[in-house]
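All remarks here apply to the structure that follows.
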Amino acid sequence: MLVNPSQDQLFTFPGTRMIQESFGIIGYQIADTGVSNRLWTIQSLYAPISGRALGGIRAKLVDQKGFFTFCNQRDLEVLLEIAEPGDWCPWLSSEYLSPTDAGWYGLCLDTEDLIDDLYERELLLRTQHPEFIPESTEITRRVHMDRGSDATELLILLRDMDMDTGAYPDMRIETLDRRWLRVEREAVVWKRL
């Protein structure tokens, strides 16, 4: 077990859900369970999100072609060979699953994961634009939504301000989806890139 998310205290970087602790797995590579020659590298760890079907920390991974995805703690522990399918997961009070089991999530994204990635990218942009990020700044990213579902996305910054108060820059994760607009998502085939 990497960590007991319900008992161990997890410290995040202020204003983010990114965990400060690496648990010794940042940079670790994992082979994709569905595509040969696709390797995923663990980039960062994120705090659990309440209300999710699977609790636990989340790992952000990036492959050799620049696609990113996330993995929940239960499935990550199997991929890291910390646990075996069928073993008891004490922090979840259920068994670990295999990548072939129906309840396996593995490498996938949801709305919160997309927000965490975008916020991380926005923070990097702020190092280049310390006062505010210019309107119409673009971000292109490659996303691995789920097994067999890869895409490229184009996002544009509407304004680096709180739309309600007019205060700028607006650096809150809570209002991130009001600052950025996804204008394009195009499905791609990973092996053809």
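Things worth noting here:
- Matching strands (runs of 3 or more DSSP E) fully within the range 1-111 where at least 1 residues are hydrophobic (A, V, I, L, M, F, W, C), under 18 Å from D146 (Cα atoms) and touching a helix residue (DSSP H, G or I) at 6+ places or on another chain (Cβ under 7 Å): 29-31, 58-63, 67-72
- Scanning the range 59-77 for residues that are surrounded by 22 or more Cβ atoms within 10 Å (Cβ to Cβ) and of a type in the set (A, V, I, L, M), we see that the one that is farthest from G27 (Cα to Cα) is L76.
- Selected residue (only one of G15, G51, G56 is at positive phi and under 15 Å from the mean Cα position of the chain (by Cα)): G56
- Tally, over the range 82-116, of residues that are out of contact with any strand residue (DSSP E or B) (no Cβ under 9 Å at 6 or more places or on another chain), modelled with pLDDT of 95 or more and on the phi > 0 side of the Ramachandran plot: 0
- Candidates D113, D150, D160 - the one that is touching a His at 6+ places or on another chain (Cβ under 6 Å), of a type outside the set (V, I, T) and surrounded by 19 or more Cβ atoms within 10 Å (Cβ to Cβ): D150
- Selection within the range 112-160: residues that are outside any strand (DSSP E or B) and of a type in the set (K, R). The member of this set that is nearest to R17 (Cα to Cα) is R121.
- Between D87, D101, D162, the distinction of being without any contact (Cβ under 8 Å) to a residue 24 or more places away in the chain, over 25 Å from K191 (Cβ atoms), among the acidic types (D, E) and in contact with a Ser or Thr (Cβ under 7 Å, 6 or more places away or on another chain) belongs to D162 only.
- Out of L54, L61, L39, L76, one residue alone is of a type outside the set (S, T, N, Q), touching a strand residue (DSSP E or B) at 6+ places or on another chain (Cβ under 6 Å), within 25 Å of R141 (Cβ to Cβ) and in contact (Cβ under 8 Å) with a residue 60 or more places away in the chain. It is L76.
- Single unsatisfied condition, E21 versus (1) under 24 Å from R141 (Cβ atoms); (2) of a type outside the set (S, T, N, Q); (3) in contact (Cβ under 8 Å) with a residue 12 or more places away in the chain: (1)
- For I82, the conditions (1) among the hydrophobic types (A, V, I, L, M, F, W, C); (2) more than 21 Å from E122 (Cβ to Cβ); (3) crowded, with 18+ Cβ neighbours inside 10 Å all hold with the exception of (3).
The values are calculated or read from the model by the stated rules, or taken from the named source; none is laboratory data. Keep in mind that what you see is a predicted model, and the values were worked out from it rather than measured. Every residue, glycine among them, receives a Cβ derived from its backbone with ideal geometry; neighbour counts consider all protein chains shown.
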